[in-house]
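In what follows, a structure is listed as structure tokens, so that the remarks can point back to it.
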Amino acid sequence: MTTGFSIDVDIRLPGQGGRSAVVADDDPGQRDALARHLADRGFAVSTVSGGFEALSLIGAEGPAVALLRRHRLKDEGDRAAALACMLYPHTRIILTAGAPDAQLDAEPGNSPVTVLARPVDLALLDRCLDGL
């Protein structure tokens, strides 16, 4: 006997309604700084405090990029990023993490997501966004 499960999600392609972004961070200062920077770059930005909250927004809005905070390896941000990569492959997922973080030293291409050290270097974020 085979068992399984299903997930009902709303999946939209990015770019519907212009460039948009989701920022999920429980630090209001960092969340607001990232949102302002993205807005200055022409993104319509939605913000939430947690990674799992971000999944709903990613599904509903189909953003080009989503920034999720990771406190430590395999926490809510990590799990939300993994789910987002599977469910919303058209959205670029970027994790923000406090250093030291073991994955920051990982070989490039070893992860489906980009990991940026906190506080986020906005010039480095811009380089990540240039391809969008």
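Computed values, structure above
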{"quantity": "Burial ordering of Thr96, Thr47, fewest other beta-carbon atoms within 10 Å first", "calculated": "Thr47, Thr96"}
{"quantity": "Sequence of Asp130, Asp121 once ranked by neighbouring C-beta atoms within 10 Å, starting from the fewest", "calculated": "Asp130, Asp121"}
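Where a number appears in this text, it was derived from the coordinates with a stated rule and is not lab data. Predicted model, so just to flag it, every value in this text is computed and none were measured. Every residue, glycine as well, gets a Cβ built from its backbone with ideal geometry; the counts of neighbours run over all protein chains shown.
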